[in-house]
1. Which of the residues that make up segment 95-117 are among the aliphatic types (A, V, I, L, M) and under 23 Å from G53 (Cα atoms)?
2. Filter segment 59-74 down to the residues that are in contact (Cβ under 8 Å) with a residue 24 or more places away in the chain and either in contact with a strand residue (DSSP E or B) (Cβ under 6 Å, 6 or more places away or on another chain) or within 14 Å of K103 (Cα to Cα) (or both) and list them by number.
3. Note down all Cβ pairs under 6 Å where the first residue falls in segment 82-110 and is without any contact (Cβ under 8 Å) to a residue 12 or more places away in the chain, the second is among the β-branched types (V, I, T), and they're at least six residues apart or on different chains.
4. Just checking, how many residues over segment 48-92 are in contact with a helix residue (DSSP H, G or I) (Cβ under 9 Å, 6 or more places away or on another chain) and among the β-branched types (V, I, T)?
5. Residues that are at pLDDT 90 or above, among the hydrophobic types (A, V, I, L, M, F, W, C) and at negative phi, at least 2 per element: which strands (runs of 3 or more DSSP E) completely within segment 40-93 meet that?
6. Considering each residue of segment 94-108, count those that are more than 13 Å from S58 (Cβ to Cβ) and not in a helix (DSSP H, G or I), and give that number.
Amino acid sequence: MKSQSSPGGLVYSTDAGRMCPACRQPQARCVCRQARAALPSDGIVRVSRETKGRGGKSVTVVKGVSLAEPALGQLGKQLKAACGSGGTVKDGVIEVQGDHLAKLIELLEKQGFSVKQAGG
């Protein structure tokens, strides 16, 4: 007979809210996000255009910006407003809907970032 107090398996609870699937901690205390945010950058911001997985629609992607989450969100908001389009900021990547490659490179260089166009 199996003991009721055995420490095996994952216990689900509504007390902690959402849990990180990688480290199994509540998202407020997630260790993965902190480690991901601490990843070093080479100092070069890469701007590229992607259409893969988006039904043929173009999205301009900005990667490699070494800013904290709140500052990155603010930068994303500024870039989206300057282009007059929507987008998102997730996992350290800024996505702006539409083909705004040249405009984003120019805006980021004006703010003092070292920028390169990535991809073809």
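The values are calculated or read from the model by the stated rules, or taken from the named source; none is laboratory data. In this text, all values refer to a predicted model and were calculated from it rather than measured experimentally. Here Cβ is always computed from backbone atoms with ideal geometry, including for glycine, and neighbour counts include all displayed protein chains.
1. Selection gives V96, L101, A102, L104.
2. Matches in segment 59-74: V59, T60, V61, V62, K63, V65.
3. Here the result reads E109/V115, each pair linking segment 82-110 to a residue that is among the β-branched types (V, I, T).
4. 5
5. 59-63
6. Looking only at that region, the number is 1.
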